[in-house]
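**Student:** So that we are looking at the same thing, I have put the structure below in structure tokens.
The values are calculated or read from the model by the stated rules, or taken from the named source; none is laboratory data. Values in this document were obtained by computation on a predicted structure and should not be read as measured data. A quick note on method: Cβ atoms are made from the backbone with ideal geometry, for glycine too, and the neighbour counts reach across all protein chains shown. Just the protein is used for accessible areas: all its heavy atoms, side chains included, with ligands, DNA and RNA removed. Shrake-Rupley method; radii C 1.70, N 1.55, O 1.52, S 1.80 Å.
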Amino acid sequence: MRRMFLFSLLAFFALTLLFMWLTGFSEFRFGYVILGILFLLSFLGVYDVLQKKHAIRRNFPVVGNFRYLFESISPEIQQYFIESNTSGRPFSRNLRALAYRRSKNVNDTHPFGTQRDIHLEDYIALRHSIYAKKPVEEDLRVLVGGPDCKQPYSASILNISAMSFGSLSSNAISALNRGALKGEFYHNTGEGGISPYHMEGGDLCWQIGTGYFGCRNETGGFDEVKFREKAILTKVKMIEIKLSQGAKPGHGGVLPGVKNTKEIAEIRGVKEGTTIVSPPSHTAFGNPKELVQFIQKLRELSDGKPIGFKLCIGRTEEFEDICKAMLEHSIYPDFITIDGAEGGTGAAPLEFSDSVGLPLEPALIFARLTLDKHRIKDRIRLIASGKALSAFSIVKNMALGADMCNSARAFMFSLGCIQALRCNTNSCPTGVATQDKHLKKGLVITDKAERVYNFHKNTVHAVKELLGASGYSHTSELSIRDLVRGDEMVEFANHFFPDSVINHLHHKS
Ligand SMILES: Cc1cc2nc3c(=O)[nH]c(=O)nc-3n(C[C@H](O)[C@H](O)[C@H](O)COP(=O)(O)O)c2cc1C
């Protein structure tokens, strides 16, 4: 440090002399300001040369710092100056704008025609009908709960996907829950458990992950007594066992230490400030038979509420084995949530987000046809999750076999998320995915709850319009045949299943 100080002093004197010689110092108005800047730059330059961590800064003192500066604001540069309307990822500017407009209840129409290249291979569209109908007035709902369920739940076709208090701020959770209350749809708690902010009156789907937060014993395993206490709460309408998540299948949930506040640590029963990585799989069960028995146990402990599980499909044969166990033990979940590998997360290793698991479309087709093949679909609702933002994405999922959709990031947009890609750093500028109390203050709960409500209402209305264009009144009338590129999907399905099953799907009731 001393050496550095001497060096900077030396550099400073050299620069000062040069500066005075060049400008005639006494006549220059901002001389002291410039001197100060020169001093700071010389200090920085010497520091750059002496530090050993960054080669670029050692080799190119002062100017080398611009590389790190630009790197740190590259998402903003990308978003504001480079990205086109259709190119942004994970969500394009057009899609984000759609979510914002629907949330603000303002004009959500689009001018001049599509900006997509509809001749590209990934173009999927609806085969509408000449005999289009007016959109139906009544709400689109689906009853969740098979014959063994004592408290079936009438769910909206669009709900808030799992996002914990921890990954999201308390203000964000409160706004989501209030929006869900007003719009009569459910709010999935995420694996972080039920917090006071989930208790604003909205219906809950309580998610139980491998960390068993909220129903966890001292050794980190499942605690029946704690489970029952929460499961029988009136607002808990459904319970979801999380097997895996599309953004990190086979990897436990991750709560970065910076986001693990005292309050969150207390709710989860963990140590404050530490990074919490949940185990990659459950300790309460280890094979398909034990999974279905666990479902039965939760059903009994919750007095018969709908019980389901969420997964991103990897090995299709393992899904098949679970279906066989259901049949063998006559225990069926009330719902299964299929999360696509394109799914979002608060924090995950890049390799898991980029390269593990089946995308939603093939996974959904596979799950649907497997349930059909075993003739157990009637008792199990299929929920699709993965970029369900536009009404078309919802309609497409239903056509591929889902009964309902969950959406996470679209609801984040309704809260004001700007896709800053900082969910894992605690510095989310919009106060959505942070525990920083100053940042979260920016998110006004009452205002954003209204936007959550609006987004849901306007998106479901847009679904009704698409249904009307197809001559339908409910999403349950859709099938794979309603999609352009449907034949290619049938080909994919044929790969796995005999024709009879596919015909069954085409005529699903
Ligand atoms: C900030 C954030 C937190 C999440 N937390 C959970 C979680 O606790 N449990 C879970 O199963 N999925 C979690 N997810 C995944 C979502 O529930 C959802 O499955 C996935 O993002 C796909 O939906 P989307 O494309 O609508 O975002 C999280 C996603 C985000 C963006």
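**Student:** When you check THR283 against the structure, is it open to solvent by 10 Å² or more (accessible area, probe 1.4 Å) and hydroxyl-bearing (Ser, Thr, Tyr), yes or no?
**Tutor:** Yes.
Matching residues to (1) away from the ligand (no atom under 11 Å from the Cβ); (2) of a type outside the set (Ser, Thr, Tyr); (3) not assigned by TED's automatic domain parsing to the domain that holds LYS305; (4) not in a loop (DSSP other than H, G, I, E, B):
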{"site": "GLU320", "(1), (2), (3), (4)": "yes, yes, no, yes"}
{"site": "MET326", "(1), (2), (3), (4)": "yes, yes, no, yes"}
{"site": "ILE331", "(1), (2), (3), (4)": "yes, yes, no, no"}
{"site": "GLY346", "(1), (2), (3), (4)": "no, yes, no, no"}
{"site": "ASP354", "(1), (2), (3), (4)": "yes, yes, no, yes"}
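**Student:** Only one residue in MET398, MET412 is of a type in the set (A, V, I, L, M), open to solvent by 10 Å² or more (accessible area, probe 1.4 Å) and outside any loop (DSSP other than H, G, I, E, B), so which one is that?
**Tutor:** Being of a type in the set (A, V, I, L, M), open to solvent by 10 Å² or more (accessible area, probe 1.4 Å) and outside any loop (DSSP other than H, G, I, E, B) holds for just one of MET398, MET412, which is MET412.
**Student:** From GLU465, GLU450, GLU477, which residue is touching a Pro at 6+ places or on another chain (Cβ under 6 Å), open to solvent by 10 Å² or more (accessible area, probe 1.4 Å) and more than 16 Å from the ligand (Cβ to nearest atom)?
**Tutor:** GLU465
**Student:** Taking only pairs six or more apart or across chains, which ones have beta-carbon atoms under 8 Å, a first residue in segment 245-260 that is of a type in the set (Lys, Arg), and a second residue that is away from the ligand (no atom under 11 Å from the Cβ) and not in a strand (DSSP E or B)?
**Tutor:** The qualifying pairs are LYS248/PRO349; LYS248/PHE352; LYS248/VAL356; LYS259/ASN426; LYS259/GLN435.
**Student:** Another one. Count, please, the residues in segment 333-344 that happen to be under 20 Å from GLU290 (Cα atoms) and in a loop (DSSP other than H, G, I, E, B).
**Tutor:** Qualifying residue count, segment 333-344: 2.
**Student:** Based on what the data block shows, is THR274 open to solvent by 50 Å² or more (accessible area, probe 1.4 Å), farther than 23 Å from MET412 by Cα, assigned by TED's automatic domain parsing to the domain that holds GLU300 and at pLDDT below 95?
**Tutor:** In short, no.
**Student:** Which condition breaks for ALA180 when tested against (1) assigned to a helix (DSSP H, G or I); (2) closer than 21 Å to ILE264 by Cα?
**Tutor:** The one condition ALA180 does not meet is (2).
**Student:** Next up: How many of the residues making up segment 203-229 are more than 16 Å from the ligand (Cβ to nearest atom) and either buried (at least 23 other Cβ atoms within 10 Å of the Cβ) or of a type outside the set (Gly, Ala, Ser) (or both)?
**Tutor:** Selection size over segment 203-229: 12.
**Student:** Right, next: With the requirement that a residue be farther than 18 Å from ASP321 by Cα and either out of contact with any helix residue (DSSP H, G or I) (no Cβ under 6 Å at 6 or more places or on another chain) or in a helix (DSSP H, G or I) (or both), what does segment 363-386 give you?
**Tutor:** ASP378, ARG381, ILE383, SER385
**Student:** Let me ask something additional. With respect to GLY145, determine if the residue is over 20 Å from CYS423 (Cβ atoms) and either of a type in the set (Ser, Thr, Tyr) or touching a residue at least 12 places away in the same chain (Cβ under 8 Å) (or both).
**Tutor:** yes
**Student:** Still on this model: Considering each residue of segment 243-255, count those that are closer than 16 Å to SER167 by Cβ and within 14 Å of the chain's Cα centre (by Cα), and give that number.
**Tutor:** Qualifying residue count for the region: 6.
**Student:** Would you point out which residue out of ASN454, ASN397, ASN426 is polar (S, T, N, Q) and within 17 Å of THR475 (Cβ to Cβ)?
**Tutor:** ASN397
**Student:** Check whether at least one residue in segment 180-196 is of a type in the set (D, E, K, R) and within 11 Å of the ligand (Cβ to nearest atom), and report yes or no.
**Tutor:** Yes, because at least one residue in segment 180-196 is of a type in the set (D, E, K, R) and within 11 Å of the ligand (Cβ to nearest atom).
**Student:** Still on this structure: Hey, any hits in segment 2-13 for a residue that's among the charged types (D, E, K, R), modelled with pLDDT of 85 or more and on the phi < 0 side of the Ramachandran plot?
**Tutor:** No, the conditions are met nowhere in segment 2-13.
**Student:** Follow-up. Taking VAL236 as meeting all but one of (1) within 14 Å of the ligand (Cβ to nearest atom); (2) over 20 Å from ASP403 (Cα atoms), write down the number of the exception.
**Tutor:** Result: VAL236 passes all but (1).
**Student:** Which count do you get for residues in segment 399-413 that are over 17 Å from the mean Cα position of the chain (by Cα), within 16 Å of the ligand (Cβ to nearest atom) and under 30 Å from PHE165 (Cβ atoms)?
**Tutor:** Here the count works out to 1.
**Student:** Consider LYS377 against the criteria (1) within 12 Å of the ligand (Cβ to nearest atom); (2) basic (Lys, Arg); (3) modelled with pLDDT of 95 or more: it satisfies all of them except one. Which criterion is unmet?
**Tutor:** Only one criterion is unmet by LYS377, namely (1).
**Student:** Now for a different question. Is it fair to say SER302 is at positive phi, at pLDDT 95 or above and away from the ligand (no atom under 12 Å from the Cβ)?
**Tutor:** no
**Student:** Consider segment 123-179. How many of its residues are closer than 17 Å to SER476 by Cα and within 16 Å of the ligand (Cβ to nearest atom)?
**Tutor:** So the count comes out to 5.
**Student:** Moving on. Can you tell me which of GLN115, GLN78 is more than 21 Å from THR430 (Cβ to Cβ), within 33 Å of the chain's Cα centre (by Cα) and either open to solvent by 50 Å² or more (accessible area, probe 1.4 Å) or among the hydrophobic types (A, V, I, L, M, F, W, C) (or both)?
**Tutor:** Selected residue: GLN115, the only one of GLN115, GLN78 that is more than 21 Å from THR430 (Cβ to Cβ), within 33 Å of the chain's Cα centre (by Cα) and either open to solvent by 50 Å² or more (accessible area, probe 1.4 Å) or among the hydrophobic types (A, V, I, L, M, F, W, C) (or both).
**Student:** Separate question: With the structure loaded, tell me whether GLU342 is open to solvent by 40 Å² or more (accessible area, probe 1.4 Å), closer than 30 Å to ASN426 by Cα and more than 16 Å from the ligand (Cβ to nearest atom) or whether it fails that test.
**Tutor:** So GLU342 fails the test.
**Student:** Take the conditions closer than 22 Å to ILE322 by Cβ, open to solvent by 40 Å² or more (accessible area, probe 1.4 Å) and hydrophobic (A, V, I, L, M, F, W, C) and apply them to LEU233. Does it pass?
**Tutor:** So LEU233 does not fit the description; no.
**Student:** Only one residue in ASN85, ASN105, ASN94 is more than 14 Å from the ligand (Cβ to nearest atom), open to solvent by 30 Å² or more (accessible area, probe 1.4 Å), of a type outside the set (Asp, Glu) and at positive phi. Which one?
**Tutor:** So the residue among ASN85, ASN105, ASN94 that is more than 14 Å from the ligand (Cβ to nearest atom), open to solvent by 30 Å² or more (accessible area, probe 1.4 Å), of a type outside the set (Asp, Glu) and at positive phi is ASN105.
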